Amino acid sequence: MWLSDAQKIGVALTTFGTLFMFLGVMLFFDAALLALGNMLFLSGLTLIIGPQKTFYFFARKQKLRGTACFIGGILLVFMKYAFIGMIVEIFGFLNLFGDFFPVVVTFLRQVPFVGNLLSLPYIRPIVDRIAGSRTSAV
């Protein structure tokens, strides 16, 4: 699958947005870094899947609670309530993107070093619970 130039820029913006959000959390919930990370993440997501698909993703009836929490968390971060905003935003993020976690875990299990790490005895049950995989009784 080849990416267009706009999608490549979107991947870079999403990556930088995630990095800025991580730095904002590591620097004791710096509201400026968190706000910048949120803007980069959303603009990158829009460039990756397109504006219309982004709108339809966030406006689906099943995703309205997640969308409200995610956008509410972003607004709280913009109003300098960074800690509360990030908690609300994470709740919305999990509601919005929780369906993708099994796909991500399946992909990560295919990666050479990470797959071995995810198969360790104490980590495997946690990853299986996240991925939603079932173990047979036999």
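The values are calculated or read from the model by the stated rules, or taken from the named source; none is laboratory data. These numbers were taken from a predicted model, which means no experiment stands behind them. Note that each Cβ is placed from the backbone with ideal geometry, even for glycine, and that neighbours are counted across all protein chains shown. Heads up: the accessible areas ignore ligands, DNA and RNA and are worked out on the full protein's heavy atoms, side chains in. Shrake-Rupley method; radii C 1.70, N 1.55, O 1.52, S 1.80 Å.
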Of L27, L36, L117, the one that fluctuates the most in a GNM where the chain has Cα springs shorter than 10 Å:
L117
Please list I71, I48 in order of solvent-accessible area, largest first, computed with a 1.4 Å probe with all protein chains present.
I71, I48
Calc'd 3J(HN,Hα), segment 114-129, phi into Karplus 6.51 cos²θ - 1.76 cosθ + 1.60 (θ = phi - 60°), Hz, glycine/Pro = x, comes to 5, x, 5, 5, 6, 9, 5, x, 8, 8, 4, x, 5, 5, 5, 5
What's the angle, to the nearest 10 degrees (0 to 90), between helix 5-26's Cα axis and the longest principal axis of the chain?
90
What's the angle, to the nearest 10 degrees (0 to 90), between helix 31-49's Cα axis and the longest principal axis of the chain?
70
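Between beta-carbons, use under 13 Å as the cut-off and find the net charge around N38, counting Lys and Arg +1, Asp and Glu -1. Write down the numbers at each step before the final one.
Details: positive: none; negative: D30, E89.
Neighbour charge sum, excluding N38 itself: -2.
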Using the Cα centre of the chain as origin and beta-carbon charges of +1 (Lys, Arg) and -1 (Asp, Glu), tell me which of F78, I126, F16 is placed farthest towards the positive end of the dipole.
I126
How long is the chain along each principal axis, judged by its Cα atoms, biggest number first, in Å?
53, 37, 33
Ignoring ligands, DNA and RNA, please state the percent of accessible area on the chain from carbon and sulfur, probe 1.4 Å.
74
Rounded to one decimal in nm, the spacing of the 7 Å Cα→Cβ label points at F83 and A6 is 4.1
Calculated FRET efficiency for the pair L23/L120, C-beta based, R₀ 35 Å, to 0.05:
0.80
So how strong a dipole does the chain carry about its Cα centre when Lys and Arg Cβ are +1 and Asp and Glu Cβ are -1, to the nearest 20 debye?
400
Could you tell me what a quarter of the Cα convex hull surface of segment 38-115 works out to, in nm² with one decimal place?
6.2
For the chain, take the longest principal axis of its alpha carbons; what is the angle in degrees between that and the long axis of helix 64-78, to the nearest 10 within 0 to 90?
50
Using the heavy atoms of the protein chains and a 1.4 angstrom probe, tell me the accessible area per residue for the chain in square angstrom.
71
